[in-house]
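Only one structure is covered here, and it is reproduced in the block below.
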Amino acid sequence: MFTQLRPAAVMLALMTLLTGALYPLLVTGASLLLFPHQARGSLVVEEGRAVASELIGQCFSDPRVFWGRPSATTPNGCNAASSNASNLGPTNPALVDAVKARVRALREADPGNAAPIPIDLVTTSASGLDPHVSPAAALFQVPRVARLNLLEEARVRALVLAAVEPRTFGLLGEPRVNVVLLNRALQRLAHPPAHAGTNMRQ
Amino acid sequence: MTGNALAQCAVYLVALTLLAVPLGSFLARVFSGEATLSQRVLGPLERSLLRLTGPRSEEEMTWPAYALAVLWFNLLGALAVYALQRLQAVLPLNPASLPAVSPEVSFNTAVSFATNTNWQAYGGEATMSHLTQMLALTVQNFASAASGIAVLLALVRGFSRAQAKTIGNFWADLVRSLVYVLLPLSLVLALALVSQGVVQTFEGHATVALADSQQGAAGALTTQEIALGPVASQVAIKELGTNGGGYFNANSAHPLENPTPLSNLLELLAILLLPAALCFTFGALVQDKRQGVALFAAMMVIFAPLAFGCVAAEQRANPLLARLGVDQEVSAEQAGGNAEGKEVRFGITGSALWATATTAASNGSVNAMHDSFTPLGGLIPLWLIQLGEVVFGGVGSGLYGMLVYALIAVFIAGLMVGRTPEYLGKKIEAFEVKMSALVLLLPPLATLLGAALASVTSAGTSPLGNPGAHGFSELLYAFSSGAHNNGSAFGGLTASGTFYTFAIGVCMLIGRYWVIIPVLAMAGSLEQKKRVPASAGTLPTHGPLFVTLLTGTVLLVGALTFIPALALGPVVEELSRAALP
C-alpha cells in the first residue's frame with residue numbers, strides 16, 4: 001500500500017523543480033533574449049513611457065476617434081487586469097437589450113449614417129480586450145470620424161484601408177483593423193506635429 | 001460555409017495528420033527504447049530522475065502496484081496544489097499581492113489540475129500568483145498528461161504481452177513521457193508563441209498611459225493596467241497536455257495568450273497533436289500499424305463533420321438581432337455571423353474549429369465563449385464532451401477510452417454472430433466487458449445525477465448566468481465537462497460557490513480515477529491471456545467495416561445516454577428561437 005508513497009513524493013519534488021521552476025525560467029530567459037519586445041507585452045513606448053500595448057484593446061467613446069469592440073470586463077470595460085466575457089446566450093433578452101443600446105449610441109453619434117452596423121461593433125469580444133474590429137466596422141465609422149475631425153472622407157478611408165491587416169498567408173484568421181493603432185495614426189493625420197507636418201506636405 | 005472557411009478547416013486537418021504520423025512513430029521508438037539519438041541526448045536526464053526517485057524505481061509492477069503508484073502521485077500532486085493556493089499570500093513571486101484562494105476553490109482547482117480537467121472555478125490573472133501558476137498549475141499540467149500516457153502504455157502492454165504478470169513501471173513511463181515528449185515539445189511551442197506576442201516575464205503588470213481618458217466605475221481612468229506573467233510556458237503545455245487551464249481568465253481568447261491567427265493555428269494543432277499521434281504509436285507498439293490507422297480514422301470520421309457543422313451553425317445570423325439594423329452577413333470585409341463572445345482575429349471559422357477541437361480532445365481551453373454560441377453551435381462541443389472524450393480525447397486517456405469502445409464494439413459484433421469476441425488476439429471475456437461497462441457508465445452517471453441535482457436545487461440554479469433552456473444547457477455543460485475531464489465551460493455559470501466547487505470536484509474525480517482503475521485492471525487481466533491466432537471467424541479490426549462499427553458504437557452510446565438531456569437544453573432553445581416574436 002505504502003511502498004509507492006516515497007517514490008511518489010520524490011518524483012513530485014523532482015517534477016516540480018524541473019517543470020515548475022527550470023522550464024519556465026528557461027523559456028523566460030530565452031524569450032527575453034530572442035523576443036524581448038513580445039515577451040514584455042508588445043508595448044508601444046513613446047518618450048520613455050508606455051502608451052499602449054499593440055495587442056490589448058482600449059475603450060474609446062469619444063466620437064472623434066474610432067470605437068472598438070464593446071468590452072464586458074468589470075468594473076470598467078477593457079480592464080486588462082481581469083479579462084472577461086459577457087457569456088450571454090443567443091436568446092438571452094439581456095443580449096438583445098445590450099445590442100440595442102450600442103446600436104442607439106452609434107446612431108446618435110452619427111445620425112446621418114443609415115448603413116447597417118457591422119455586428120462585431122455591437123457585440124462584446126471573448127476577452128473584453130480585443131484590439132481589432134473588422135474592416136467593415138472601421139469603414140462604417142469613416143464618415144463620422146472624418147466629419148468631426150474636419151478631414152476629407154477619402155483621406156480617412158485611405159487611412160483605414162492602409163491599416164487593414166490581411167489574413168495570415170492569405171488564409172488564416174480574418175482581415176482586421178487594430179483600433180488602438182488606427183487611432184494613433186488618426187491622431188497624426190488630424191494633428192500633425194508642426195515640424196513633421198511641413199515635411200509631410202512636400 | 002465560405003471557401004475560406006473550408007480551406008482553413010482542410011489545412012488544419014491535413015497539417016494535423018501530417019504531423020501526427022511521424023510523431024506517432026517517434027513516440028513508439030521512445031517507448032520501446034529505440035530512439036537512439038534522443039536517448040543519447042536526454043538519456044542522462046531520464047536515468048538521473050529515475051535514480052533519484054528510488055533504487056527500485058524501474059522494477060516491473062503488477063497492475064495494483066501500478067494503480068497505487070498513479071494514485072499516490074496524483075494525490076500528492078493535488079495536495080501540493082491545494083497548499084500552494086492557500087499559502088500564496090505569504091509565498092514569494094506574488095507581485096500583484098493576491099490573497100490566499102478560498103478553501104473550496106482551492107479544493108476544486110487541486111482536483112481539476114490533478115485529473116487533467118483544468119476546470120477553472122477561479123479567474124486566472126486575478127486569483128493565482130505567479131508562483132501558484134508555475135509550481136502548482138504548470139507542474140500538474142505536465143504530471144497529469146504524463147500520467148495519462150503512462151496508463152495508456154500499461155493498457156497497450158496488456159494487449160502486447162501474453163501470459164505475463166506485470167504491466168511495466170509507472171515511474172519509467174512517466175519520466176519517458178516527460179523527458180522525451182512533453183518537455184521538448186513545450187519548449188519549442190512556448191518560444192514559437194512568444195515570437196507571436198504571448199508574454200513571458202516575471203513582471204506583474206505593465207501600466208500604459210491612455211491618450212483619451214476612459215470612464216471608469218470611480219471616475220475617469222487615465223491608465224490601463226495590463227496583467228503579465230510567465231504565460232507562454234504554461235500555454236504551451238496546457239495545449240499539448242490537453243489540460244486547457246489558461247493563464248488568464250479569458251483563456252486562449254486573451255490577446256496575450258493567443259495574439260495572432262498563426263499562434264491560433266499552432267495552439268490548435270497542439271491541442272490534438274499528441275492524442276492523434278498516439279493512435280499511430282499504438283499501431284506500432286502492437287506490431288500492426290493498421291490498427292492505429294483504424295482508430296485514427298474512426299476519430300476523424302466523427303470529428304470532421306462536427307467541425308464543419310459547428311462552423312456552419314456559428315456563421316448563421318442571430319434572428320433576434322436581425323431587426324436591430326445590424327449586418328450579420330459574411331463578406332470580404334467582415335466575418336459576420338454570431339459575433340458575441342468571439343475575437344475578430346479568429347472570426348467564425350477559427351473560433352468554431354477551436355471549439356470542436358478543444359472538446360473532442362479533453363482540452364477545454366477556449367478562444368471564444370461557448371456560452372454565447374448559437375444553440376446548435378453550442379450543442380456540438382457539449383455532445384463531443386459527452387461522447388466520453390474519445391474522439392482524440394485527452395493525452396493517453398482519449399486512446400485508452402477509445403480502446404474500451406473498441407472492446408465494446410467487438411463484443412457487440414460477437415453477440416451478433418455468437419462467437420467469443422477477440423481484439424488483437426486477446427479473448428474479450430466477462431471481466432473485460434464488466435470493466436468496460438464501468439468506464440462507459442460511471443462518467444455519464446455522474447454527469448446526469450449532478451445535472452439533475454443542480455436543476456432542482458437553488459444552489460444549482462441561482463449561479464446560472466442565463467435564463468430558460470440556455471440556463472439548463474449551462475449546468476449540463478458544467479457537469480459533462482467535469483465528469484469527462486474536459487474543463488471548458490458555458491462560462492456564465494458562477495462556479496466558485498460551495499455547491500459547484502464540490503459537486504464538479506467529485507465528478508472530476510469519478511471521471512478520471514474510475515476510468516483509470518478499471519482500465520488498469522483490464523490491462524492486468526488481458527496480459528495474462530494467451531494470444532489466439534486469427535482465424536476465419538475473427539473480426540478484422542483494421543478495415544472500414546470495423547471503423548464503421550466503432551464510430552457507430554461511440555455515436556450510439558453517446559446519443560442514447562444524452563439525447564433526452566440535450567433535448568431539454570440546446571434543442572429546446574433552437575426550436576424556441578424560431579418561435580420567439
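Within the stretch A:4-18, identify whether any single residue is surrounded by fewer than 15 Cβ atoms within 10 Å (Cβ to Cβ) and under 32 Å from the mean Cα position of the chain (by Cα), and answer yes or no.
No, the conditions are met nowhere in the stretch A:4-18.
Which of the residues spanning the stretch B:117-174 are at pLDDT below 90 and aromatic (Phe, Trp, Tyr)?
B:Tyr122 - this is the single residue of the stretch B:117-174 that is at pLDDT below 90 and aromatic (Phe, Trp, Tyr).
Note down all Cβ pairs under 7 Å where the first residue falls in the stretch B:317-335 and is facing another protein chain (nearest Cβ under 7 Å), the second is assigned to a strand (DSSP E or B), and they're at least six residues apart or on different chains.
From the stretch B:317-335, the pairs are B:Gly325/A:Ile117; B:Val326/A:Ile117; B:Asp327/A:Ile117; B:Asp327/A:Pro118; B:Gln334/A:Pro118.
So, in the stretch B:374-395, how many residues would count as being in a loop (DSSP other than H, G, I, E, B) and touching a Lys or Arg at 6+ places or on another chain (Cβ under 7 Å)?
So the count comes out to 1.
Counting just the residues of the stretch B:210-250 that are touching a helix residue (DSSP H, G or I) at 6+ places or on another chain (Cβ under 7 Å) and hydroxyl-bearing (Ser, Thr, Tyr), which one comes out farthest from A:Pro63 (Cα to Cα)?
B:Thr242
Out of (1) within 9 Å of chain B (Cβ to nearest Cβ); (2) not in a loop (DSSP other than H, G, I, E, B), the odd one out for A:Leu129 is which?
Result: A:Leu129 passes all but (2).
Among the listed residues B:Asn141, B:Asn116, B:Asn108, B:Asn94, which satisfies the condition of being among the polar types (S, T, N, Q), over 17 Å from B:Thr501 (Cβ atoms) and part of a helix (DSSP H, G or I)?
After ruling out the rest, the residue left standing is B:Asn141.
Just for the stretch B:430-478: of the residues that are hydroxyl-bearing (Ser, Thr, Tyr) and not in a helix (DSSP H, G or I), which one is surrounded by the fewest Cβ atoms within 10 Å (Cβ to Cβ)?
B:Ser462
In this structure, is B:Gln224 facing another protein chain (nearest Cβ under 9 Å), under 21 Å from A:Ser125 (Cβ atoms), surrounded by fewer than 24 Cβ atoms within 10 Å (Cβ to Cβ) and more than 23 Å from the chain's Cα centre (by Cα)?
No: the conditions fail for B:Gln224.
I want to confirm something. Restricting to the stretch B:530-547 and keeping residues that are over 10 Å from B:Gly425 (Cα atoms) and among the β-branched types (Val, Ile, Thr), which single residue is farthest from the chain's Cα centre (by Cα)?
B:Thr541
Just one of (1) at pLDDT below 95; (2) within 8 Å of another protein chain (Cβ to nearest Cβ) trips up B:Leu76, so point out which.
Failing condition for B:Leu76: (1).
Among the residues of the stretch A:85-103, write down those that are facing chain B (nearest Cβ under 7 Å) and farther than 17 Å from B:Leu464 by Cβ.
Once the filter is applied, which keeps residues that are facing chain B (nearest Cβ under 7 Å) and farther than 17 Å from B:Leu464 by Cβ, the stretch A:85-103 yields A:Val96, A:Val99, A:Lys100, A:Val103.
Let's see how each residue does on (1) closer than 28 Å to A:Gly77 by Cα; (2) surrounded by 24 or more Cβ atoms within 10 Å (Cβ to Cβ); (3) touching a Leu at 6+ places or on another chain (Cβ under 7 Å); (4) touching a residue at least 12 places away in the same chain (Cβ under 8 Å):
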| position | (1), (2), (3), (4) |
| --- | --- |
| B:Thr166 | no, no, no, yes |
| B:Leu193 | yes, yes, yes, yes |
| B:Thr201 | yes, no, yes, yes |
| B:His205 | yes, no, yes, yes |
| B:Ala209 | yes, no, no, yes |
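Could you pull out the residue among B:Ile385, B:Ile302 that is aliphatic (A, V, I, L, M), away from chain A (no Cβ under 13 Å), under 20 Å from B:Asn485 (Cβ atoms) and surrounded by fewer than 22 Cβ atoms within 10 Å (Cβ to Cβ)?
After ruling out the rest, the residue left standing is B:Ile302.
Could you tell me how many of the residues in the stretch B:556-567 are at pLDDT 95 or above and in contact with a helix residue (DSSP H, G or I) (Cβ under 7 Å, 6 or more places away or on another chain)?
Residues that pass the stated criteria total 3.
Count, please, the residues in the stretch B:479-499 that happen to be in contact with a Gly (Cβ under 8 Å, 6 or more places away or on another chain), crowded, with 24+ Cβ neighbours inside 10 Å and among the polar types (S, T, N, Q).
Residues flagged as in contact with a Gly (Cβ under 8 Å, 6 or more places away or on another chain), crowded, with 24+ Cβ neighbours inside 10 Å and among the polar types (S, T, N, Q) within the stretch B:479-499 amount to 4.
How many residues are more than 7 Å from chain B (Cβ to nearest Cβ), touching a residue at least 40 places away in the same chain (Cβ under 8 Å) and not basic (Lys, Arg) when one looks only at the stretch A:44-64?
Within the stretch A:44-64, residues that are more than 7 Å from chain B (Cβ to nearest Cβ), touching a residue at least 40 places away in the same chain (Cβ under 8 Å) and not basic (Lys, Arg) number 4.
Please verify whether the stretch B:246-269 includes one or more residues that are away from chain A (no Cβ under 14 Å), on the phi < 0 side of the Ramachandran plot and buried (at least 24 other Cβ atoms within 10 Å of the Cβ).
no
For the stretch B:14-25, which residues satisfy the criterion of being in contact (Cβ under 8 Å) with a residue 24 or more places away in the chain and away from chain A (no Cβ under 14 Å)?
Listed by number, the residues that qualify are B:Leu16, B:Thr17, B:Leu19, B:Ala20, B:Val21, B:Leu23, B:Gly24, B:Ser25.
List every residue pair whose Cβ atoms lie under 9 Å apart, where the two residues are 6 or more positions apart in sequence or sit on different chains, the first residue falls within the stretch B:131-156 and is within 14 Å of another protein chain (Cβ to nearest Cβ) and farther than 14 Å from B:Leu399 by Cα, and the second residue, located anywhere, is among the basic types (Lys, Arg) and surrounded by 24 or more Cβ atoms within 10 Å (Cβ to Cβ).
Listed by first residue and then by second, the contacts come to B:Leu137/B:Lys238; B:Thr138/B:Lys238; B:Asn141/B:Lys238; B:Ser144/B:Arg512.
The values are calculated or read from the model by the stated rules, or taken from the named source; none is laboratory data. None of these values were measured; they are calculated from a predicted model. Note that each Cβ is placed from the backbone with ideal geometry, even for glycine, and that neighbours are counted across all protein chains shown.
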